[in-house]
Amino acid sequence: MTSIGGAASSGMVDWNLAVATATRLVRPGPEVSRDEARAVVSELRAHAKSSEEHVRSFTRMATDAAHDTPVLVVDRAGWVRANVAGFREILKPLLDKMEDRRGGGAGGAMMGAVGGKVTGVELGMLLSFLASRVLGQYETFAPPSRDLPAGANGGGRLLLVAPNIVHVERELDVDPHDFRLWVCLHEETHRTQFTAVPWLRDHLEGEIQSFLGETEVDPMTVLERLREAASSLAGNRSDEEDEGGRTLVEIVQTPAQREILGRLTAVMSLLEGHADYVMDGVGPAVVPSVGEIREKFKERRAKGASRLDQALRKLLGLDAKLRQYRDGERFVRAVVEEVGMDGFNRVWTSPNTLPTKAEIAKPADWVARVHRRTES
């Protein structure tokens, strides 16, 4: 197992144990021969490269070479390692704060060691669940490592999870070559967003750190949330249990945090909706069976899965992510129809031109504010 840092096993989370747990529990990928696996990896790399030109031409977004980031084709274990490294990076201020609150002394150190291992196991269980579901992911805050390189200017990398892509293309019974390109178009849009808009990464990181800095959560509350998720994963939820519980990201105590979370939700809706809009816009010209793929993929999203899967999706906030796709795509489509692609691209001018959560729901309000229009 690759260590993810010098002191990875200390503190509130045993990060190495999280990696070990997730990679041990994650489901095996679909059966493929060695030659087929090589061909899949090669094709995904080729599609990722061709997607650059398709996306940049359609969006009219000029990328900044100084902020370029790599594209990595990974397996499920590679996705786990990358995400643990990213979590460790972005959560460090919060975990340091929790460590300080726990206090020193032999008792505190012993409880910390035990708690860190418990949390590491529980985080690993959650990651093992997600690792078989993610097709691709742009890791905004990923630090570089020996086996997982990242952008030189502040990190960042695009991950394409090969076994998951193969699994879904087989499940949907669609043309594998078209499906792989279709996925790459969506993920390349995210890469383009961050390489063409260099301030976006720092803005998001600032918002997240502001949110974490406002957190006044007891360490046991975080452990309780992880245990609730782990209990769901183990199938211990009762069918009669109330489904109105909070997601892991909803441990929010202050008005300031709610305000920040609203801004973050709006940005994520924009980024996800923009990627869906671009994928559908480029698709017909370069993906012959895009109509069939899109229809089957929508049906797959709508059907969901088992009750256990649905409970976990709710707890982890994945249902909210699906709403972000829908709401964001409607926002982008409405704005482009009103002011064209160049008019829409004013969204990338500065943090002040990003849509608010209310404007995501009412695109005309964003157009009025940013384009200085008034309703007649």
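The values are calculated or read from the model by the stated rules, or taken from the named source; none is laboratory data. Treat the numbers as computed from the prediction; the structure is a model and nothing was measured. Note that each Cβ is placed from the backbone with ideal geometry, even for glycine, and that neighbours are counted across all protein chains shown.
Could you grab the pairs with beta carbons closer than 7 Å, sequence gap of 6+ or different chains, first residue in segment 131-153 and over 13 Å from ASP75 (Cα atoms) and of a type in the set (A, V, I, L, M, F, W, C), second one part of a loop (DSSP other than H, G, I, E, B) and modelled with pLDDT of 85 or more?
ALA142/ALA150; ALA142/GLY156; ALA150/THR69; ALA150/PRO70; ALA150/GLY156
Within the set of pairs 6+ apart or on separate chains, which have a first residue in segment 29-46 that is more than 18 Å from VAL168 (Cα to Cα) and of a type in the set (Gly, Ala, Ser), a second that is part of a helix (DSSP H, G or I) and modelled with pLDDT of 95 or more, and C-beta atoms under 6 Å apart?
none
Which residues, taken from segment 58-74, are at pLDDT 95 or above and either surrounded by fewer than 18 Cβ atoms within 10 Å (Cβ to Cβ) or among the hydroxyl-bearing types (Ser, Thr, Tyr) (or both)?
If the condition is that a residue be at pLDDT 95 or above and either surrounded by fewer than 18 Cβ atoms within 10 Å (Cβ to Cβ) or among the hydroxyl-bearing types (Ser, Thr, Tyr) (or both), then THR59, ARG60 are the ones that fit.
Among the residues that make up segment 95-104, is at least one of them assigned to a helix (DSSP H, G or I), within 30 Å of GLY343 (Cα to Cα) and modelled with pLDDT under 90?
Looking for residues that are assigned to a helix (DSSP H, G or I), within 30 Å of GLY343 (Cα to Cα) and modelled with pLDDT under 90, one finds none in segment 95-104, hence no.
If only one of ALA37, ALA48 is part of a helix (DSSP H, G or I) and more than 30 Å from PRO198 (Cβ to Cβ), which one is it?
One residue alone meets the criteria, ALA37.
Residues of segment 43-88 being more than 16 Å from the chain's Cα centre (by Cα) and closer than 16 Å to PHE141 by Cβ, which ones?
HIS67, THR69, PRO70
Residues to consider are GLU259, GLU272, GLU292, GLU243; find the one that is closer than 17 Å to VAL335 by Cβ and either at pLDDT below 90 or part of a helix (DSSP H, G or I) (or both).
Step by step, each of GLU259, GLU272, GLU292, GLU243 is checked, and only GLU272 is closer than 17 Å to VAL335 by Cβ and either at pLDDT below 90 or part of a helix (DSSP H, G or I) (or both).
Which number in (1) within 19 Å of VAL161 (Cα to Cα); (2) at pLDDT 90 or above; (3) of a type outside the set (Asp, Glu) marks the one condition that THR2 misses?
For THR2, the failing item is (2).
Could we say that ALA364 is touching a residue at least 12 places away in the same chain (Cβ under 8 Å), more than 21 Å from VAL197 (Cβ to Cβ) and within 28 Å of the chain's Cα centre (by Cα) here?
So ALA364 passes the test.
So for segment 59-77 (the condition being part of a helix (DSSP H, G or I), of a type outside the set (Lys, Arg) and in contact with a strand residue (DSSP E or B) (Cβ under 7 Å, 6 or more places away or on another chain)), does at least one residue qualify?
Scanning segment 59-77, I find no residue that is part of a helix (DSSP H, G or I), of a type outside the set (Lys, Arg) and in contact with a strand residue (DSSP E or B) (Cβ under 7 Å, 6 or more places away or on another chain), so the answer is no.
Kindly provide the set of residues from segment 297-331 that are in contact with an Asp or Glu (Cβ under 8 Å, 6 or more places away or on another chain) and modelled with pLDDT of 80 or more, ordered by number.
Selection gives GLY328, GLU329, PHE331.
Is it the case that some residue within segment 158-180 is at pLDDT below 90, crowded, with 17+ Cβ neighbours inside 10 Å and either touching a His at 6+ places or on another chain (Cβ under 9 Å) or not basic (Lys, Arg) (or both)?
No, segment 158-180 contains no residue that is at pLDDT below 90, crowded, with 17+ Cβ neighbours inside 10 Å and either touching a His at 6+ places or on another chain (Cβ under 9 Å) or not basic (Lys, Arg) (or both).
Scan segment 121-144 residue by residue and report those that are closer than 25 Å to ARG170 by Cα, more than 12 Å from the chain's Cα centre (by Cα) and not in a helix (DSSP H, G or I).
Once the filter is applied, which keeps residues that are closer than 25 Å to ARG170 by Cα, more than 12 Å from the chain's Cα centre (by Cα) and not in a helix (DSSP H, G or I), segment 121-144 yields only SER132.
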